[in-house]
Amino acid sequence: MFKLKEVLNRSLLTPFNIIAGIIILIGLIITALRFSGGLAAVTNLSDYNPWGLWIGFDLLCGVALAAGGYVTSAAVYIFGIKKYHSAVRPAILTGFLGYSLVVLALSYDVGRPWRLPYPFVVQAGTTSVLFEVGACVLLYLVVLFIEFTPAASEWLGLKRARNLVVRLTMVLTILGVILSTLHQSSLGALFLIAPSKLHPLWYSQYIPVFFFISSIIAGLSMVIFEGSLTHRYFAEKMDETHLREKEDVVFGFGKAASFVLAAYFAVKVFGITMDDNWHYLSTGYGAWFLVEMLGFVALPCLLYSLGVRERNIKLIKWTAAWTVLGIVVNRFNVCLVAFNWHLPSSERYFPSWMEIGLSLFIVTVGVAAFKFIVTYMPILYEHPGYKTPHP
Amino acid sequence: MSVSRRGFLAWMGAAGLTALSARAGATPRHFEGYPQSLCVLHDITLCIGCRSCEAGCNKVNELPAPAVPFTDLTVLDKKRRTNAKAYTVVNKFTPPQEGKPIYVKNQCNHCLEPACASACFVRAFTKNKDGSVTYDASVCVGCRYCMIACPFEIPTYEYNEPLTPRIMKCTLCHPRIAKGLLPGCVEACPTEALSFGKREDMIKLARERINKYPGRYVDHIYGEHEMGGTNWLYLSGVPFRNLGMREDLGVTPAPDLTSGALATVPMVAALWPALLTGIYAISKRKEKLSTGDSQTAVAKAVAEANTKAQAALTAAVDKAKREKEEAVQKAVKMALEQSAKKTQAQ
């Protein structure tokens, strides 16, 4: 349980708290500027570049990197790989925090954030891919919240609520996979309407498939990457089961990531072939495309398989971090680098320091919330009072 | 095809009622615009770059006064685009082969099937029967997806408004044409660079001009088919690509670009539960089988252990019995021997 006294007695001036405090302070100042001066006061957005870092990073990367929730719960509850069970709760927590932060970031980016429910309560624009994204993200946020409640209920001692939700595990998992399939792919489908603006090497009929498959890669890699971080900083919170299963998770997910990366490489090649875009490879954009494909898809695919073969945990962990970076590179390419490629450089977009500052602020809020929750709630260990397996 | 019909079809699709209706969004049928819808024909060869249309637009739409007056033609030296304070701008181009500059007016083209309306998740845009595409700020969330979607890069945003930003764009003077008036720009044009009328009449007029003066025009009515067609048409003496107008947009209306992806939504929603439950059932059965196997193995081991223990027990009992018998026999023998010794001694 949360002990106020204990918290007050501890020194608040830890390095983490100081850095996080500064970033949050800057974030609050940017918040004030955004809601007093409009987007022009804090961003480099323009009429040519309506979407910037807050969409490219906070929304597109945020949603992709929060995919660990549906990937892990599907592996454990649908595919029945019980030995990854201890990875479910941290993944669900990351997913829930990730999606909450996406909504938080969107409330800075859209003009009138209090109208975000309008498509569902006032007037529905069902011909829009964004409508589908919005609906699925909203529903999935609810699903993730419910999936997260057992941990909170155990912490708060709400036995009945906890047991009720645990019985819903299967339904929630299936719902989560459906909603994730739909909105992860739809984030890519958003760009289907702009073939004249997105570079042909990134524009494809298959872009929804690319986004969905790469979200699986992102989910698997994030679970490994985040697991190595939590093990480093919260090892004392982990129970024996968690510590014992940790290696299984790293090897199992690394192997899966290697396979999915190979499949992803193949579908990307098919995409280029279908539209016969090979000749673009000799251009500057082509070189950058090759960097993405070889450096951030083929290379991690190879390194993951090598790591699994040699039972090299360290290699797999570094590969996971590299793959996460690769997902960010891909989303940036689609949304920022290859988008508006036809415009002269004077009309192109580069984020302002305040846009970067606010994105850092959002990430910091997420890390602080994660830290608080794993410190007080049974995320990395089984609550001793509950014998039945938890979701 | 009206947006509302598309909306209805998408709802049908979203509800998973029938895949067929969702697919209907991508039928080869081509929507040729509302009959009698109105249109502007911009004859670029007649434009003198006086910016009167900009002034007229600014006045009738009550837009803020510009930093430099509309009579100042030096602004034409730099390429401009529509912005939150200007629904229309005139740009000057000097293609290398041409000696004199060419002026082109730029504003919303009022697509027959608008990308902005198709992309809006709150239906803030309406394709009206008069041909205009209008915007309703009272529902707009300010996501700016319309600006991403528009192939002509027309919608603009009030980036300076902190809480009530609107999308700003030409309305084809929808309120004025309802009253029988001309759009502000058309009314202000001192030459005949802008003609206003029914779309089919404007297409006829454009064709007539091309046929009458084949040397004066390129044989292309821009907007007749671009992005499925628009309610704003252009005639030019030089290829449009030399005037900053894209000729690679294709003839597919914007809604058709996303209808396929949207059509798969009900499929995923309908098929995934069955697929996932199937995988779950297989993994569950596997688990059951393997626990069954291990149970048999345990039973077998227990049985074996039991038999062994039984055998050991029996052996032990036998041994004990034998030992006991031997002891008895030994005792009897000893007693007999003793009694024999006694008898001998007596």
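When all alpha-carbon pairs of the stretch A:17-376 are counted, what percent fall beyond 39 Å? Roughly 14 percent, rounded to a whole number. Its Cα centre serving as origin, the stretch A:17-376 has a Cβ charge dipole (Lys and Arg +1, Asp and Glu -1) of approximately 800 debye. Taking the longest Cα principal axis of chain B as reference, the axis of helix B:199-212 is set at about 60 degrees. Around B:VAL89, what is the net charge, scoring Lys/Arg as +1 and Asp/Glu as -1 over all other residues with Cβ under 15 Å from its Cβ? Here the count lands on +3.
What is the average number of partner chain Cβ atoms found within 10 Å of a Cβ in A:113-123? Walk me through the numbers on the way to the answer.
Numbers: counts 3, 2, 7, 4, 1, 8, 7, 2, 0, 5, 9.
For this peptide, the per-residue mean of nearby foreign Cβ atoms is 4.
Between A:ALA266 and B:ASN160, the modelled label-to-label distance comes to 5.6 nm, taking each label 7 Å out from Cα in the direction of the beta carbon. Computed over the protein assembly as shown, the Cα gyration tensor eigenvalues convert (square root of 5λ each) into semi-axes of 71, 27, 23 Å, ordered from largest to smallest. Between chain B and chain A, the total buried accessible area stands at approximately 5400 Å², from heavy atoms with a 1.4 Å probe.
What do you get for GluC sites (Glu not before Pro) in the stretch A:86-173 restricted to DSSP loop and a cutoff of at most 11 other Cβ within 10 Å of the site's Cβ? Intermediate values should be presented prior to the final figure.
Details: sites: A:GLU132, A:GLU147, A:GLU154; in loops: none.
The qualifying sites: there are none.
In the stretch A:17-376, if the dipole is taken from +1 on Lys/Arg beta carbons and -1 on Asp/Glu beta carbons about the Cα centre, which of A:GLY284, A:VAL365, A:LEU187 is farthest to the positive end? After comparing all options, I get A:VAL365.
A DSSP coil position with no more than 16 other Cβ atoms inside 10 Å describes the following GluC sites (Glu not before Pro) in the stretch B:162-215: B:GLU192. How large is log10 I(q)/I(0) at q = 0.07, 0.09 Å⁻¹ when the Debye formula is applied to the Cα atoms of chain B, each weighted equally and without solvent? Once normalised to I(0) and log-transformed, intensities are -0.46, -0.63. Using a Gaussian network model of chain A whose springs link C-alpha atoms within less than 10 Å, name the residue from A:GLY21, A:GLY271, A:GLY134 with the highest mean-square fluctuation. Looking only at A:GLY21, A:GLY271, A:GLY134, the largest GNM fluctuation is found for A:GLY21.
A Förster distance of 60 Å, applied to the separation of the beta-carbon atoms of B:ALA345 and B:ASP318, puts the FRET efficiency at 0.90. Here the stretch B:247-319 and the stretch A:226-290 have alpha carbon centers that stand 25 Å from each other. A simple spin-label model places the labels of B:LEU336 and A:LEU325 9.9 nm from each other, with each point 7 Å out along Cα-to-Cβ.
Comparing A:THR72, A:THR31, A:THR273, which has the greatest mean-square fluctuation in the GNM of chain A with Cα pairs linked when under 10 Å apart? Comparing A:THR72, A:THR31, A:THR273 in the GNM, the peak value goes to A:THR273. Going from the isolated chain to the complete set of protein chains, the stretch B:223-251 loses at least 50 Å² of heavy-atom accessible area (1.4 Å probe) at B:ARG246.
Residue separation of A:ALA369 and A:LEU299 scaled by 0.36 nm, minus their Cα-Cα distance, works out to 21.9 nm of gained length.
Ligands, DNA and RNA left out, the 1.4 Å accessible surface of the stretch B:139-262 is 52% carbon and sulfur atoms. Each peptide among A:257-266, B:282-291 gets the average number of other Cβ atoms lying within 10 Å of its residues, and from highest to lowest they stand as A:257-266, B:282-291.
Count of lysine pairs in the stretch A:180-325 with Cα atoms under 17 Å apart, counting only pairs 8 or more residues apart in sequence or on different chains? Write down the numbers at each step before the final one.
On the way: A:LYS237/A:LYS246; A:LYS246/A:LYS255; A:LYS246/A:LYS314; A:LYS246/A:LYS317; A:LYS255/A:LYS314; A:LYS255/A:LYS317.
Lysine pairs satisfying the spacing and distance rule in the stretch A:180-325 number 6.
Considering only B:GLN36, B:LEU233, B:GLY260, the residue lying farthest towards the positive end of the dipole of chain B is B:GLY260, judged by Cα position with unit charges set on Cβ. Checked against a 23 Å cut-off, the cross-linked pairs A:LYS83/B:LYS288; B:LYS105/B:LYS169; B:LYS300/B:LYS321; B:LYS79/B:LYS129; B:LYS129/B:LYS212 give Cα-Cα distances beyond that limit for B:LYS300/B:LYS321; B:LYS79/B:LYS129; B:LYS129/B:LYS212.
Highest average first, the peptides A:60-69, B:155-164, A:306-315 ordered by how many other beta carbon atoms sit within 10 Å of their residues are A:60-69, B:155-164, A:306-315.
Relative to the longest principal axis of the Cα atoms of chain B, the long axis of helix B:3-14 lies at roughly 0 degrees.
If you roll a 1.4 Å probe over the heavy atoms of the protein chains, what accessible area per residue do you get for the stretch A:17-376, in Å²? If you can, show how the numbers build up before the last one.
Numbers: 13820 Å² over 360 residues.
That works out to 38 Å² per residue.
Relative to the longest principal axis of the Cα atoms of chain B, helix B:254-345 runs at roughly 10 degrees.
Going from the chain on its own to the full set of protein chains, the stretch A:35-56 has these residues losing 50 Å² or more of accessible surface (heavy atoms, 1.4 Å probe, no ligands, DNA or RNA): A:ASP47, A:TYR48, A:PRO50, A:TRP51. Candidate membrane-span-like segments in chain A, meaning DSSP H helices with Cα atoms spread over at least 27 Å of their own axis and a Kyte-Doolittle mean of 1.6 or above, are A:15-37, A:129-156, A:353-376, with no membrane implied.
How large, in percent, is the carbon and sulfur part of the accessible surface of chain A at a probe radius of 1.4 Å? Working shown, then result.
Numbers: 11620 of 16240 Å².
Here it works out to 72 percent.
Comparing the full protein assembly with the isolated chain (1.4 Å probe, heavy atoms, ligands and nucleic acids excluded), the residues of the stretch A:194-208 losing at least 30 square angstrom of accessible area are A:SER196, A:LYS197. Structure remark: mean-square fluctuation, Gaussian network model of chain B, C-alpha springs under 10 Å; the largest value among B:ALA254, B:ALA117, B:ALA274 belongs to B:ALA274.
Just to confirm, what accessible area per residue do you get for chain B at 1.4 Å probe, in whole Å²? Intermediate values should be presented prior to the final figure.
Working: 18430 Å² over 346 residues.
I get 53 Å² per residue for chain B.
The values are calculated or read from the model by the stated rules, or taken from the named source; none is laboratory data. Predicted, not measured: the structure shown is a model, and the values here were computed from it. A quick note on method: Cβ atoms are made from the backbone with ideal geometry, for glycine too, and the neighbour counts reach across all protein chains shown. For accessibility, only protein heavy atoms count, side chains too; no ligands or nucleic acids. Shrake-Rupley method; radii C 1.70, N 1.55, O 1.52, S 1.80 Å.
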